[in-house]
């Protein structure tokens, strides 16, 4: 948040989002994984176009200018989704913020009117800072898309639009002439999964393991948010042996994908693959129906 002593306003980067809490009656602690006692599979987003539309409609963000003395909102800037950046209020009456749409902007502290914006080409989560150097004032922000929102929230991860992580330090001054290179292409692998496989019991078990160990990075209901691979689109999904090499053995540990062999057996890891195949086929069918 930020505060302006002249206007006596607190500026809040508000996030309007829900999270389903279903207790896992069989929960036991694990040396690694999502140790919060929640049944992640029970709370996963269903492949239902109506439910997904309702969830998206209810998930937004805003800047709220709040009067802490009168206990009321003075003005608001609304955004399509949450996970917008921290705020910086300046003595010159400006409020700076980057957002999940990939824009860095300045607003009037008095009424929230947008006065200037810059296409950052990536989401901005951090709060900006301002400093003086050589007699000139600068505003700087660490731009980059990440954190739990694009990792764990599935279809809601791109509520503000598809965003990619392009990590940069952006620094601005009055009269600055620099420009960014062209934005990287937003390429997405096709959703072309193998045929459904496994028994319902195996798939249900895989949903539990995925919720406990995988979805905090690879997304609710196995829907990736663009920062790490979307497993529904993985080329390894059709290859059980390669899947084991990555998930069980840690073949990609140098890329951040650890080996899960300390807590998951090969049979359990196979159920995760079967669950992801099911999810990929559900979403492919939903897309074909226009959902």
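Please verify whether residue 237 is at pLDDT 95 or above and closer than 30 Å to residue 131 by Cα, treating the condition exactly as stated. Can you show your working first?
Numbers: at pLDDT 95 or above: yes; closer than 30 Å to residue 131 by Cα: no.
So residue 237 does not fit the description; no.
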**Asked** Just checking, which of 175, 161, 112 is at positive phi, assigned to a loop (DSSP other than H, G, I, E, B) and either crowded, with 19+ Cβ neighbours inside 10 Å or touching a strand residue (DSSP E or B) at 6+ places or on another chain (Cβ under 7 Å) (or both)?
**Response** 112
**Asked** Which residues, counting only those in the range 233-245, are over 26 Å from the mean Cα position of the chain (by Cα) and in a loop (DSSP other than H, G, I, E, B)?
**Response** 238, 239
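Being in contact (Cβ under 8 Å) with a residue 40 or more places away in the chain and buried (at least 18 other Cβ atoms within 10 Å of the Cβ), is that true of even one residue in the range 256-266?
Within the range 256-266, the first condition is being in contact (Cβ under 8 Å) with a residue 40 or more places away in the chain, and the residues that meet it are 258, 260, 262-264.
Keeping just the survivors that are buried (at least 18 other Cβ atoms within 10 Å of the Cβ) gives 260, 264.
Taking every residue of the range 256-266 in turn, at least one turns out to be in contact (Cβ under 8 Å) with a residue 40 or more places away in the chain and buried (at least 18 other Cβ atoms within 10 Å of the Cβ).
If you scan the range 145-178, which residues turn out to be under 30 Å from residue 53 (Cβ atoms) and free of Cβ contacts under 8 Å to residues at least 12 places away in the same chain? Lay out the reasoning, then the answer.
Here is the first cut: in the range 145-178, the ones under 30 Å from residue 53 (Cβ atoms) are 145-166.
Those that are under 30 Å from residue 53 (Cβ atoms) and free of Cβ contacts under 8 Å to residues at least 12 places away in the same chain: none in the range 145-178.
One residue is enough: does the range 212-231 have a residue meeting the conditions in a loop (DSSP other than H, G, I, E, B), under 24 Å from residue 28 (Cβ atoms) and in contact (Cβ under 8 Å) with a residue 24 or more places away in the chain? Write out each step before concluding.
As a first pass, look at the range 212-231 and keep what is in a loop (DSSP other than H, G, I, E, B): 214, 219, 223-230.
From what is left, the residues that are under 24 Å from residue 28 (Cβ atoms) are 214.
Still in the running and in contact (Cβ under 8 Å) with a residue 24 or more places away in the chain: 214.
Yes - at least one qualifying residue is present in the range 212-231.
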**Residues located in the range 117-146, provided they are part of a loop (DSSP other than H, G, I, E, B) and loosely packed, with under 14 Cβ neighbours inside 10 Å** = 134, 135
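How many residues does the range 178-211 contain that are surrounded by 12 or more Cβ atoms within 10 Å (Cβ to Cβ) and out of contact with any strand residue (DSSP E or B) (no Cβ under 9 Å at 6 or more places or on another chain)?
Taking the range 178-211 first, the residues surrounded by 12 or more Cβ atoms within 10 Å (Cβ to Cβ) are 180, 183, 189, 191-194, 196-198, 202-211.
Adding the requirement that they be out of contact with any strand residue (DSSP E or B) (no Cβ under 9 Å at 6 or more places or on another chain) leaves 189, 191-194, 196-198, 202-210.
Count: 17.
Is there a residue being within 20 Å of the chain's Cα centre (by Cα), loosely packed, with under 15 Cβ neighbours inside 10 Å, farther than 26 Å from residue 73 by Cβ and touching a residue at least 24 places away in the same chain (Cβ under 8 Å) anywhere in the range 92-104? Lay out the reasoning, then the answer.
Within the range 92-104, the subset within 20 Å of the chain's Cα centre (by Cα) is 97-104.
Then drop every residue that is not loosely packed, with under 15 Cβ neighbours inside 10 Å, which leaves none.
Within the range 92-104, none of the residues are within 20 Å of the chain's Cα centre (by Cα), loosely packed, with under 15 Cβ neighbours inside 10 Å, farther than 26 Å from residue 73 by Cβ and touching a residue at least 24 places away in the same chain (Cβ under 8 Å).
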**Fill in**
Those residues of the range 11-20 that are loosely packed, with under 13 Cβ neighbours inside 10 Å and more than 17 Å from residue 51 (Cα to Cα) come to a total of 0
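Which residues, taken from the range 246-266, are more than 19 Å from residue 194 (Cα to Cα) and not in a loop (DSSP other than H, G, I, E, B)?
Of everything in the range 246-266, those that are more than 19 Å from residue 194 (Cα to Cα) and not in a loop (DSSP other than H, G, I, E, B) turn out to be 253, 254, 255, 266.
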**Residue satisfying condition, being more than 26 Å from residue 184 (Cβ to Cβ) and either out of contact with any strand residue (DSSP E or B) (no Cβ under 7 Å at 6 or more places or on another chain) or surrounded by 18 or more Cβ atoms within 10 Å (Cβ to Cβ) (or both), within set 274, 252, 231, 237** = 274
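The values are calculated or read from the model by the stated rules, or taken from the named source; none is laboratory data. Predicted model, so just to flag it, every value in this text is computed and none were measured. Using ideal geometry, Cβ is built from the backbone for each residue, glycine included, and neighbour counts are taken over all protein chains shown.
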